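What follows draws every value from the coordinates through simple rules; no lab data is involved. These numbers were taken from a predicted model, which means no experiment stands behind them. Here Cβ is always computed from backbone atoms with ideal geometry, including for glycine, and neighbour counts include all displayed protein chains.
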Amino acid sequence: MDLFEAARGFIPVRRRVRVGVTGLRRAGKTSLLTSLAVNLLAMGRDAGRGVPALPALSERLAGRRMRVVLSPSGAESMPRFDAVAKSASLAADPPGWPAPTDAVSLLALDIDIDQPGLLSALPAQKLRLEFFDYPGEWLLDLPLLGTGFGEWSQAMLRRLQPFSEARDFLAFVHGLPVGVAADEALVETGHRLYVACLRALQANGLSLLQPGRFLMPAPGPSAPWAAFFPITGEGRLARLMQDRFDAYVGAVKAELASPGFADVDRLIVIADLLTALHAGRAAFDDAASALSQVAAALSQRKPWPLLPAWLQPWGIGRIAFVASKSDHVASRQRANLAALMATLIDAPSHAAWRAFSVASIACTEDFVWTLDGRPVSAVRGHVAGNGLVRSYPGEVPDRTPDASDWAHPFLSLPDFTPKRLDRGGRVAIPQMELDRMLVFLLEDML
Ligand SMILES: Nc1nc2c(ncn2[C@@H]2O[C@H](COP(=O)(O)OP(=O)(O)OP(=O)(O)O)[C@@H](O)[C@H]2O)c(=O)[nH]1
Ligand SMILES: [Mg+2]
């Protein structure tokens, strides 16, 4: 900590920290935000009493008191993350998961932390902690910014080749006569077939599907240039598709530079690696390359001069790469899961980064299960309609799985039900490693 940082701690000005939280559909963003909100509020309320909601944070604070409130909304344009409604579904009888979300939102908390030891008479350190829920599909558009339409089309058409889900679209594109006119009805058909193909691949567990906004459209009406598809060649149709691709990329750049997006200074990238392992080799490899492309886009030195500061080397200072839903496996496997995550990403050179395996809303407990006369570390938790269910999905590899790993399929992942939160959300949500992730992200400020 330099002198300026040290001094800032004593000035009673609220320092804002904006953390981007991103991950593909169903990766676990909403659950993570809900758990952070409920647990930070619980920590603020119960300071010093009982078992802390976030033990690693409590340890880091070493007895300093912390007060936490949801920040008032003010006049910003970004919708607020509705922490109260999200936690209400966990407090319902029976408890349920927070509903899926489909737009960006912001969770903002004002946190006051007492100064340590002899300095405790000084004004408390004031933080505004903002978590910004950002669809990972949109982050998958980052690699497009550094690619031309021709290169992207070639790569995409090659990648789609082996998939039966792509048959109709590929037949359409390859069947177009040379020099075909840039007819709007034709474009419409091609775009529709392409989006249908992306959706079918997504349903089969693939991740690296671009453009991401085709699967997760931005709110509001879509512009005419938002209808295109990959096509090679020099004809009039290809030229129109190229113009639309360029307009799309321009809109992505403009959005990234807009207020809200422009000042994210820490990032949480969430990936549901357990589900990818379960879906099999093709899905896993695809998730791995999506993750490494995004990590690479984030780590390039000044990759695209037009990008805003937060995507430039000095923008994001800390990145947590999170493998989610880790309560599906027992403790030793959770360590493997974090190690696996770490091997999948090219270390961003400019930012401090670390891999974690996190259960934002932990539903299970570990136990030793005897299977075929052999003790294995398993978990058990409740599943709606089935009572207490035991589960041992298999060994999580601690590096990129090889042929021998794929020889033993990673078995089912039950839909565990969260434990019920007390009415009014007065108690904490059980979590695994969420506390350590938070301390890592805020380490320089605590
Ligand atoms: N067991 C377990 N399941 C989880 C956990 N977090 C999320 N899930 C499951 O994953 C589902 C999706 O989680 P969300 O938090 O809604 O994911 P999201 O990334 O916000 O998804 P979208 O809003 O659809 O983009 C939940 O409904 C749960 O079924 C966890 O910590 N443990
Ligand atoms: Mg969500």
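Below, the figures for the structure above:
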{"quantity": "Shape of segment 326-432, Cα gyration tensor, a/c cut at 1.5", "calculated": "oblate"}
{"quantity": "Leading residue at positive end of dipole, the chain (Cβ point charges), from Ala171, Leu371, Val252", "calculated": "Leu371"}
{"quantity": "Prolate/oblate/rounded label for segment 143-256 (Cα gyration tensor, a/c 1.5)", "calculated": "rounded"}
{"quantity": "Student exercise, the chain dipole from Lys, Arg, Asp, Glu Cβ charges, in Debye to nearest 20", "calculated": "900"}
{"quantity": "Peptide ranges 26-33, 238-245, 144-151 listed from the most packed, as the mean C-beta count within 10 angstrom indicates", "calculated": "26-33, 238-245, 144-151"}
{"quantity": "Lys pairs under 27 Å by Cα in the chain, provided they are eight or more residues apart or on distinct chains", "calculated": "10"}
{"quantity": "Exposure proxy order (Cβ contacts within 10 Å, fewest to most) of Arg64, Arg399", "calculated": "Arg399, Arg64"}
{"quantity": "Of Thr417, Met432, Met445, farthest towards positive along the dipole that unit charges on Lys, Arg, Asp, Glu beta carbons give segment 392-446", "calculated": "Thr417"}
{"quantity": "Residues Ser58, Ser412, sorted so that the one with the fewest Cβ neighbours within 10 Å comes first", "calculated": "Ser412, Ser58"}
{"quantity": "Highest average packing first - 15-22, 353-360, 279-286, Cβ atoms within 10 Å", "calculated": "353-360, 15-22, 279-286"}
{"quantity": "Segment Arg60-Asp110, length gained on full extension (0.36 nm per residue, minus Cα span)", "calculated": "16.2 nm"}
{"quantity": "Whether the chain is rounded, prolate or oblate, judged on the alpha carbon gyration tensor where a/c under 1.5 counts as rounded", "calculated": "oblate"}
{"quantity": "Length added when fully stretched, Arg374-Ala155, from 0.36 nm per residue minus Cα-Cα", "calculated": "74.1 nm"}
{"quantity": "Helix-only [θ]222 nm of the chain, DSSP H runs n ≥ 4, -39500 (n - 2.57) each, per residue, nearest 500", "calculated": "-11000 deg cm²/dmol"}
{"quantity": "Mean separation of Cα contacts under 8 Å, 6 or more apart, over the residue count of the chain: relative contact order %", "calculated": "19"}
{"quantity": "Cβ-Cβ FRET estimate between Val178 and Ala218, R0 fixed at 35 Å, reported to 0.05", "calculated": "0.50"}
{"quantity": "Backbone HN-Hα couplings from phi across segment 397-410 [Karplus 6.51/-1.76/1.60, Hz, Gly and Pro as x]", "calculated": "x, 9, 8, 3, x, 10, 3, 5, 5, 6, 5, 10, x, 7"}
{"quantity": "Sorted by Cβ density within 10 Å, fewest first, the residues His174, His382", "calculated": "His174, His382"}
{"quantity": "Alpha carbon convex hull of segment 365-406, projected area averaged over orientations, nm²", "calculated": "4.3"}
{"quantity": "Segment 332-446 - charge dipole about Cα centre, Lys and Arg +1 at Cβ, Asp and Glu -1, debye rounded to 20", "calculated": "500"}
{"quantity": "Beta bridges per DSSP with both ends in the chain, % antiparallel, nearest 5", "calculated": "50"}
